[in-house]
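Engineer: I'd like to ask some things about the structure below.
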Amino acid sequence: MIFYAGYYTQSVMKKADTTHQNIYKGMALIADPIHQYILFTVPEDKSTKEKTEQNIIDSAWMQRLRRIYQLQSARWVYPAAEHSRFQHSLGTMHMAGEFAKSIYPSLAGVCPDLPSPNYVEELLRLAGLLHDVGHGPYGHFFDDNYLSRWGLTHEVVGQNIIVEKLGGEIARIRRSPSGAFARGEVMDAKRVAFLIKMPETEESGRQPRWLQMLRQLFSGVYTVDNLDYVQRDAYMTGFSLDMVDIPRLRYYTFFTKEGLTLHQSGISALGRFLNARLNLYTNVYFHRTTRGLDLHLQEFFRDSMNLILSGNPLENLDGYLKCDEWMLFNHVQNWQHSRDKKKMKLAAEWKKLHDREVKWKMSFVAEISLDQIHRGVGFSRAADYEAKIRERLPAKLKKLPFKVDLATQDPRPLNPITEREKRINIFNPVTEKTSPEPLLEIYRFIPARVMHFRVFALNHEHDAELSSAAEKVLGSSEKSIPTNI
């Protein structure tokens, strides 16, 4: 083996019969703890100017994702979870390619104008590779606490990066790991961007039907994205999951004229996956310490980013290229020696976070069904709960610092029949009919959407009073658990 740019390829060896060597030409492998090996394309001849997946992987935009962690605050809870968005993106590319090969025959039967198998494979692989390219420091937290200022998400930023910054190289890619595209087929960066996020305009309706159907692999209940991150995040945190049977789920996934469809024989695999994702959210993404760290981060993150980034990222993508967690860390480290009082104050808060000084400790936790909120039983904003709890605290504690955190968990669609973006049809081999209705049966055994309701304070001195007040606000019918942990 010889090493090349962080990956290894088959060395060129002299053999009497060179036929078998050709299968390695233009291909390379990446070792991966989840998928064992991930295949990707490289130039067949270094003397040519061929563009391949290696060009996109090695681009500054993709390499930037090495400096953005996959688990924003959970890595301070699970020490081994130091993996990055880069690793997850490679895994999603692999997952997308595997699904492409599996679903192509059924999609071709529904959409006669479907491009060649190799084109579809590469389109899905590029979308998988680039689906997180727009992420900023601290991932989804960055969306909520910075990008939202301009009504943006990381998907929208990513679409602009794909089209404006990587579009030229994407258009010059002519093959997938399975082989060359059909004559005249040209990869279109706008199609890659469409798969990542459907535009909220009439443009989405003008896309070919086959492309709209492929988007379900990126937006449904199980996607090429979450099928990778559930396995990867569990492995890297050390959190134990029941078996997630991805090969079975993929094998029984296909397309009918109704859209993405799961054979009845795949329902058990879907149920196991949904339960695995539910447990991961409960125990990793929404861990009490993770949420406590995020509450602290909310207090100074936006002010920090306003000093580092200037304006709407879409108006300065070149500047956004430098925006990662390493850059952010270096800035706030330097602020410790600044004469600017605001920067010094922000630096002090960042130091607490980086030193893992957990500011907010959980005093109370409960679970609220979102059905109750929709019926008007509860509130949708943390500030409303905070006000009601404060009203019920003893007079001497009226000014007690505390925060309410509402973490919404969506282990399954509230209504799988009406939610188009997350709709899956089930194929019954006996009746040979497809319908989303059988999902209602398996959803009976998977909890409905819930909100994790937590009260955090600066210490545990007044846990009893906070718990009592919170229970009164929620009502005696709520399942609640006071804690002094």
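Engineer: Roughly what percent of Cα-Cα pairs across region 239-389 reach past 23 Å?
Structural biologist: Counting pairs separated by more than 23 Å, the tail of P(r) holds 64 percent.
Engineer: So what is the orientation-averaged projected area of region 47-287, using the convex hull of its C-alpha atoms, in nm²?
Structural biologist: 13.9 nm²
Engineer: Related question: Quick query: amide H of residue 27 versus all other amide H atoms, modeled in the peptide plane; which residues come in under 5 Å with a sequence gap of 5 or more or a different chain?
Structural biologist: For residue 27, whose amide H was placed from the backbone, the distant partners under 5 Å are 42.
Engineer: Stokes-Einstein at 10 °C, 1.306 mPa s, Kirkwood radius from Cα pairs: D for region 111-192 in µm² s⁻¹?
Structural biologist: So the translational diffusion coefficient is about 114 µm²/s.
Engineer: What's the center-to-center distance, using Cα atoms, between region 243-258 and region 82-107 in Å?
Structural biologist: Cα centres, region 243-258 to region 82-107: 14 Å.
Engineer: Right, another one. What is the order of 233, 384, fewest Cβ neighbours within 10 Å to most?
Structural biologist: The fewest-first ordering by Cβ neighbours comes to 384, 233.
Engineer: With only alpha-carbon pairs counted, each pair once and no self-pairs, how large is the Kirkwood hydrodynamic radius of the chain in angstroms?
Structural biologist: 24.7 Å
Engineer: Within a 10 angstrom radius of the beta carbon, how do 323, 111 rank from fewest other beta carbons to most?
Structural biologist: Ascending Cβ contact count within 10 Å gives the list 111, 323.
Engineer: When a footprinting reagent is the concern and you count Cβ atoms within 10 Å, what order do 154, 354 take, fewest first?
Structural biologist: Ordered from fewest to most neighbouring Cβ atoms within 10 Å, 154, 354 come out as 354, 154.
Engineer: 7 Å from Cα along Cα→Cβ at both residue 150 and residue 397: what's the point-to-point distance in nm?
Structural biologist: 4.4 nm
Engineer: While we're on this one: Please give the calculated 222 nm ellipticity per residue for the chain, where each DSSP H segment of at least 4 residues contributes -39500 (n - 2.57) and the sum is spread over every residue; nearest 500 deg cm²/dmol?
Structural biologist: Rounded to the nearest 500, the figure is -11500 deg cm²/dmol.
Engineer: May I ask which of 359/398; 197/403; 49/101; 361/472; 165/257; 25/197 have a Cα-Cα span longer than 25 Å here?
Structural biologist: 197/403; 49/101; 165/257; 25/197
Engineer: Please tell me the relative contact order of region 47-287 in percent, rounded to the nearest whole number, where contacts are Cα pairs under 8 Å and at least six residues apart.
Structural biologist: With pairs under 8 Å counted, the relative contact order is 22 percent.
Engineer: In addition: Find how much the distance from residue 383 to residue 367 grows on full extension, using 0.36 nm per residue of separation minus their present alpha carbon separation; answer in nm with one decimal.
Structural biologist: In short, 4.0 nm is gained.
Engineer: With a cut-off of 17 Å, note down the residues of region 49-80 whose backbone N falls inside the zone around a label point 7 Å from the Cα of residue 235 toward its beta carbon.
Structural biologist: In region 49-80, the label zone of residue 235 (backbone N under 17 Å from the point 7 Å along Cα→Cβ) covers 70-71, 80.
Every number in this text was worked out from the coordinates using simple rules, so none of it is lab data. These figures come from a predicted structure and were not determined experimentally. Cβ sites come from the backbone with ideal geometry, for glycine too, and all protein chains shown count toward neighbours.
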